[in-house]
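Only one structure is covered here, and it is reproduced in the block below.
Bear in mind these aren't lab numbers, they're just calculated from the coordinates by the rules spelled out. Remember, predicted model here, so these are calculated numbers, not experimental data.
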Ligand SMILES: Cc1cc2nc3c(=O)[nH]c(=O)nc-3n(C[C@H](O)[C@H](O)[C@H](O)COP(=O)(O)O)c2cc1C
């Protein structure tokens, strides 16, 4: 059976990922926070977006290519930053950087990923973006930006919607920790996922390879706490302006949900924003991103590029966001479900099924290009 027949959409990949990755890794990836109401509302609000198709358009050829920050990508979507990607499946960052290069799609490497910018930048071949959680120490801040630029990352994504670690009750119960605590429960959970365990043994226990050189002690125990000492979850607009001065390329502010903040982002001189609720992982009372997107587009569209994430599970979802005014979409979990389910082949497969779904639905809707998807009011 072909891969498309076995895993035709992201929910199928998620189901396989759930069976292949250990419980703690799955819980880390899939969970939201609180009652997880926002996870559901992201989905429900997306489903509620209707688009009226046009008929009798005859034969036309499709153009999915999209220009963003001076580069032409093959599609209007990319893989967003995911911390600890290597915990879900070893070498995930490498796989996604290779997919980005092969498919001409962006991939954003997280500050808290398990591979370093030096390894990932060259593999992504110009399609790498670097996601920053702002370091407390200005020297580390400068060093990290320099490492990202020297490694070939073209776009800086500054994430500001994690002022504090969200409680994520499911993760607490599952005992998610970095490095994994070798309790009898975690050992058992790893043992019943032998493919993951063998791959992890081969590649090594996941480490914070980008940040570990800045850790105040060389002890790896309690690395998550050490990360907390290096990065400052609570930057302010002044810090953003400083970063703006330091980073020469395009800069994107990730985690915007209000029009007021979108206006401030324009004033701060960023090139783009990501309308994001962090995939429902931070604040369960936040609105679904697809609901606030139109008002943000009305407020600042044309002044900067508007990227969108949280809850995208198909090409049709990407179409909906573009219809409501987004310029580009990112997926967090979607690509990780792919690599956890299929390893090295996962990134390409997610790209292929999203692209196929986008193409099918564009023809159905009667749109030949990304510009045609835009709602005309
Ligand atoms: C497991 C996991 C880890 C994440 N880590 C980061 C991170 O390190 N930096 C960041 O900016 N966003 C992070 N995010 C948020 C994603 O970039 C993105 O905003 C979110 O996943 C989008 O929702 P989706 O998963 O429904 O596509 C993470 C998301 C998940 C699921």
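Over the chain, Cα pairs under 8 Å with separation of 6+ residues give a relative contact order of 26 percent.
For the range 286-377, just say rounded, prolate or oblate: build the C-alpha gyration tensor, square-root its eigenvalues into a ≥ b ≥ c, call rounded for a/c under 1.5, and beyond that prolate if a/b exceeds b/c, oblate if not. Here the range 286-377 falls in the oblate category. Remark: relative contact order (the range 187-330) = 16 percent; criterion is Cα-Cα distance under 8 angstrom and separation of 6 or more residues. Mean residue ellipticity at 222 nm, helices only, the chain: -13500 deg cm²/dmol; runs of at least 4 DSSP H residues each add -39,500 (n - 2.57), and the sum is divided by the number of residues. Let me know the shape class of the chain, please: from the alpha-carbon gyration tensor, a ≥ b ≥ c as square roots of the eigenvalues, rounded when a/c is under 1.5, otherwise prolate if a/b is greater than b/c, or oblate. Oblate is the answer for the chain, as a/c is 1.5 or above yet b/c matches or exceeds a/b.
Sort the range 57-208 into rounded, prolate or oblate with this rule: let a ≥ b ≥ c be the square roots of the eigenvalues of the Cα gyration tensor; rounded if a/c is under 1.5, and if a/c is not under 1.5, prolate when a/b is larger than b/c, oblate otherwise.
prolate
How far is the Cα center of the range 164-191 from the Cα center of the range 101-128, in Å? Answer, in whole Å: 27. The GNM of the chain, with springs linking C-alpha atoms under 10 angstrom apart, assigns the highest mean-square fluctuation among 296, 363, 273 to 363. The GNM of the chain, with springs linking C-alpha atoms under 10 angstrom apart, assigns the highest mean-square fluctuation among 26, 196, 237 to 237.
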